[in-house]
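Have a look at the structure below before the remarks.
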Amino acid sequence: MNSQNVVQLTTELVRMNTINPPGREEPCARYLGVLLEAAGFQVKYHGFGDGRVSLVATIGSSGSKLPLCFTGHIDTVPLGAAPWRMDPFAGDTDAGLLYGRGTSDMKCGVAAFTIAALGMAKHLASTCGVILVITAGEETGCEGAFHLYRDGALDKAGALLVAEPTSNYPFVGHKGALWLKATTRGVTAHGSMPEMGVNAVYKGAHAVSRLERFRFSNPPHTLMGQATLNVGTFHGGLNINSVPDRAEISVDVRTVPTVDHKALIGLLAAQLGPEVELETLMDLAAVYTEPRNPWVQSVFEVMAPIVGEVPTPRVATYFTDAAALNRAFGDPPTVILGPGEPQMAHQTDEYCALERVEKAVAGYEEIIRRWCLT
Ligand SMILES: [Zn+2]
């Protein structure tokens, strides 16, 4: 494989249905593993369920400098309710665009760093090296990445590049996500005798009002602004003629680096009071690297001719596996940079632009060269 084959590899990956749920990323992970192993990478597979397999491929890693890590996920979201004009699994191209579920988010990104790493492999064996972390189960809350972290499958990395779709524009971070479930309890009774019961929906409604009034007291972040809080769902009661004994509220908090998640949970619990039980459903830290970091500056330099301008510091709107991986890696400088089109992620008739995918390979090769060979 060489840089001419990135289109071919993206097409092969798109032809494997990895819609999550259920996932079934294994054939895709093994396909990439075989290519990487043949080029001298040490490949380890990490399964966490039926057909759910992530892949860690390493080459080099000698000397005092830590390796450079690329990461991407191989699962995709479902097709959605709207009919597709293009076959989502054929890998058809039209006018320089490759169509299919997962083209932009993010099989073209995985293909691009895989091709870049394969092309550079013969020069990397005696360098500080490169790690490719190719995950399953990202779309359902970074399951695969958390599994790798909990399994102790990851050594330290010196820098992390997340190849999520950014149209090749390097981003320096993204918000965190803290998903909470608030539960209130009551005592059921016949609807004609509410005085005999305790209404959990009334308690839940009070909790929702308090959540609506909640204001963050942390200083806003320079690039990300302030954190946000949204009540996503509110369920309570079983039927019209009973006093409900349980209500559940789901809360989606998007945090910025100035929010301490633990402290925030404590603050919310205090404001909601002892009648409300709080449970954490997902806890992903915000990811942010100061743009003046030398590696970030070097990535900006590499990408400037490719995006046609000197990049200015920006952050992505979505969260990524970096939130999970950085716990294992010891929080290295992190850039989100991939050839997919961010506005195509999760869309009907998703596509990626082939020219951008080819340019990403060139950019990634230069990023590897600068990290490993200079
Ligand atoms: Zn993605």
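The values are calculated or read from the model by the stated rules, or taken from the named source; none is laboratory data. Everything numeric in this text was worked out from a predicted model, so none of it was measured. Counting neighbours? That spans all protein chains shown, and the Cβs are built from the backbone with ideal geometry, glycine included. These accessible areas exclude ligands, DNA and RNA; they are computed on the full protein's heavy atoms, side chains included. Shrake-Rupley method; radii C 1.70, N 1.55, O 1.52, S 1.80 Å.
Jot down the radius of gyration and Dmax of the chain, Cα atoms only, both in angstrom.
In Å, with Rg to one decimal and Dmax whole: 22.9, 79.
Roughly speaking, what is the stretch gain from T140 to S242, that is 0.36 nm per residue apart minus the C-alpha to C-alpha distance, in nm to one decimal?
Taking 0.36 nm per residue and subtracting the Cα distance, the gain is 33.2 nm.
Using a 1.4 angstrom probe, figure out how much accessible area the stretch 222-289 has per residue, in square angstrom, rounded to the nearest whole.
With all protein chains present, the stretch 222-289 gives 54 Å² per residue.
Just the Cα atoms of the stretch 97-189: what Rg and Dmax do they give in Å?
18.9, 74
Put one equal scatterer on each alpha carbon of the stretch 1-124, apply the Debye formula with no solvent term, and list log10 I(q)/I(0) at q = 0.12, 0.14 1/Å to two decimals.
So the normalised log intensities are -0.47, -0.62.
Which Cα, out of V357, A136, P291, lies furthest along the positive dipole direction of the chain (beta carbon charges, K/R +1, D/E -1)?
P291
Relative to the first principal axis of the alpha-carbon coordinates of the chain, what is the inclination of helix 200-213, with its axis defined by its Cα atoms, in degrees from 0 to 90 and to the nearest 10?
50
Between E37 and K262, what is 0.36 nm times their sequence separation minus the Cα-Cα distance? Round to one decimal in nm.
Gain on stretching E37 to K262: 76.8 nm.
Would you calculate the separation in nanometres between label points at A304 and A205, each defined as 7 Å from the Cα along the Cα-to-beta-carbon direction?
6.0
May I ask you to list the residues of the stretch 35-67 whose amide nitrogen lies under 18 Å from a point 7 Å from Cα along the Cα→beta-carbon direction of T374?
Those under the cut-off are 65-67.
Give the carbon-plus-sulfur fraction of the accessible surface of the stretch 1-105 in %, rounded to a whole number; probe 1.4 Å, heavy atoms of protein chains only.
Ligands and nucleic acids excluded, carbon and sulfur reach 52 percent.
Using 7 Å Cα-to-Cβ label points, what is the S192/E290 separation (nm, one decimal)?
About 7.1 nm, to one decimal.
Could you tell me what fraction of 2.2 N^0.38 Å the Cα radius of gyration of the stretch 141-187 comes to, as a two-decimal ratio?
Against the empirical 2.2 N^0.38 Å value, I get 1.79 for the stretch 141-187.
Within the stretch 25-59, find all residues whose amide N lies under 20 Å from a label point positioned 7 Å from the Cα of Y318 along Cα-to-beta-carbon.
25-26, 28-29, 53-55
Which one, V310, M196, A270, is farthest towards the positive end of the dipole of the chain when Lys and Arg carry +1 and Asp and Glu -1 on their Cβ?
A270
Tell me, rounded to the nearest percent, the portion of alpha carbon pairs in the stretch 58-101 spaced more than 13 Å apart.
Value for the stretch 58-101: 71 percent of Cα pairs lie more than 13 Å apart.
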